[in-house]
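Heads up: the structure comes next, in structure tokens.
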Amino acid sequence: MFRFLSAGESHGPALTVMIDGVPAGLDLVTERDIDPWLRRRQGGYGRGRRQVIETDAAEARAGLRAGRTTGAPLAFQIENKDWRNWTEIMSPAPGNEPRKRALTEARPGHVDLAGGIKYGHKDLRDVLERASARETASRVTAGAVAYRILEEIGIEGMARVTHLGGVDCEGEADWSNLDTLDESPLRTFDRDKEAEIIERIDAAKRDGDTLGGIIEARFRGVPIGLGSHVQWDRKLDGRLAQAAMSIQAIKGVEIGDGWRNATVPGSDVHDAIYKGDAGYYRQTNRSGGLEAGITNGEELVVRAAMKPIATLMKPLPTVDVTTGEPADAARERSDTTAVPAASIVLFAMASMVLADAVMEKFGSDTVREIRERAEQHQAYVDGY
Ligand code: EPS
């Protein structure tokens, strides 16, 4: 129901985002609802100079009228300010062959070699520009719209880092102090670990190296009964995993304490069920709010493992694809780490999956019907 497509190269003129399936009647103000998420995605210690050039903002092009959605597809554009430095190399017009500054030394871990072979390019810029994580600004734009739908039925979310560069920084997920995450240069509640992690990022930068980490998106107020167990492609955990795994550099996904749960007995894994005045509840949430692909009313927790960025200033051995000779992998301006930014992207992707599941259950034409049906559903659950 909630579908999004994007177009745009890292150093092209702009990123273009199209979103279909947004219900009518959603209050949406780009400066209030989208741009703050774009700013968060640009942040985090360890990013390169590109983020000094960019000030991402979503410009509404379609589907919005007087601060409300109409039910028509939404379209947004995010300017690449760096485009002015790339107008010749990235020009869409003919006449730039042979290309200046062709990138031919395939970086291990990046799209370069496999993408170059697949699409028949020897200037690997023709694949890397689209593989670049610049594209995640589009995801965050669409995710911010999805999150507005979630807010309409009382769902609240957060995005944080729980590990970076070999240091755990999980801390307690503190809903009453979400500002802490924006204040932390690493988007962590565990601020005692910041100095150690920053030292590691500085050391990696000095060494021409990069660092990965673990990120988490968490949602509360999620109704019981989103997703389904009846077919593989309707399971919400599977849908979240696909969305998370599609993010650049993400190589592992867990729901709740997925990896830990594989190592201990079932009695230490499954969350005992209780019923009180407020209905069914659990005292633990190792399943991360999902059982058999259906939300169970507990906090929804999805985590993802991000590998270190593939552009190394101290390059690994590779092959030049034009000469076939051994070479040092290409060096381009890049980030030492983008783990804090990736947490915002995970949050955006998870928001889209959740908004899709919400509309599947409660309707998709108007925000009014979604709200009414969510309230009716809660009354039903309370009496179950
Ligand atoms: C990226 C390389 C860097 C990052 C970029 C992703 O860009 P540049 O080569 O222009 O310095 O900054 O991420 C972004 C531009 C962004 O907005 O997140 C890469 O190769 O993936």
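All of the numbers you see were taken from the coordinates with simple rules; none came from a lab. As the structure is a computational prediction, the values presented were derived from the model and not from experiment. Neighbour counts run over all protein chains shown; Cβ positions are idealised from the backbone, glycine included.
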- [ ] Pick out, from 341, 36, 330, the residue whose Cα sits farthest towards the positive end of the charge dipole of the chain, with +1 on the Cβ of Lys and Arg and -1 on the Cβ of Asp and Glu.
- [x] 330
Open item on the list: With just the Cα atoms defining each centre, how far is region 142-178 from region 335-384? Give it in Å.
Closed with: 13
TODO: Please state, as a whole number in µm²/s, the translational diffusion coefficient that the Stokes-Einstein equation yields for the chain at 4 °C and 1.567 mPa s, with Rh defined as the Kirkwood radius across alpha carbon pairs.
DONE: 59
Task: Residue-span extension gain [residue 333 to residue 174] - 0.36 nm each, minus C-alpha spacing - done: 53.7 nm
- [ ] Report the chymotrypsin sites (Phe, Trp or Tyr not before Pro) located in region 56-88 that are in a DSSP loop and have at most 13 other Cβ atoms inside 10 Å of their Cβ, or state none.
- [x] none
TODO: With a cut-off of at most 14 other beta carbons within 10 Å, and DSSP calling the residue loop, which GluC sites (Glu not before Pro) in region 44-97 qualify? Please list them.
DONE: 88
Open item on the list: Expected output is a single nm value to one decimal: the length gained when fully extending between residue 307 and residue 375, i.e. 0.36 nm times separation in residues minus the C-alpha distance. What is it?
Closed with: 20.4 nm
TODO: Return a single number: how many Lys pairs in the chain, at a sequence separation of 8 or more or on separate chains, have alpha-carbon atoms below 16 angstrom apart.
DONE: 5
- [ ] Multiply the residue separation of residue 268 and residue 233 by 0.36 nm, subtract the distance between their alpha-carbon atoms, and state the gained length in nm to one decimal.
- [x] 9.7 nm
Task: Percentage relative contact order, region 263-360, counting C-alpha pairs under 8 Å, at least six apart - done: 14
Open item on the list: Tell me the relative contact order for region 11-170 as a rounded percent, counting alpha carbon contacts under 8 Å between residues six or more apart.
Closed with: 28
Task: Low-density loop cleavage sites - GluC sites (Glu not before Pro) in region 234-304, where at most 16 other Cβ are within 10 Å (DSSP) - done: none
Task: Cα gyration tensor shape for region 1-153, rounded if a/c is under 1.5, else prolate or oblate - done: prolate
Task: Per-residue Cβ neighbour rank within 10 angstrom, fewest leading, 91, 6, 176 - done: 176, 91, 6
Open item on the list: Contact order normalised by length for the chain, with contacts defined as Cα pairs under 8 Å and 6 or more residues apart; what percent is it?
Closed with: 23
Open item on the list: For a Förster distance of 35 Å, can you work out the FRET efficiency between the beta-carbons of residue 156 and residue 84, rounded to the nearest 0.05?
Closed with: 0.35
Task: Intensity falloff of region 295-352 expressed as log10 I(q)/I(0), Debye formula with alpha-carbon point scatterers, at q = 0.16, 0.20, 0.24, 0.26 Å⁻¹ - done: -0.69, -0.84, -0.99, -1.07
Task: Ranked by how many other beta carbons lie within 10 Å on average, peptides 342-352, 117-127, 138-148 from highest - done: 342-352, 138-148, 117-127
Task: Net +/- balance of residues flanking residue 287 in space, Cβ distance below 12 Å, scoring K and R +1, D and E -1 - done: -4
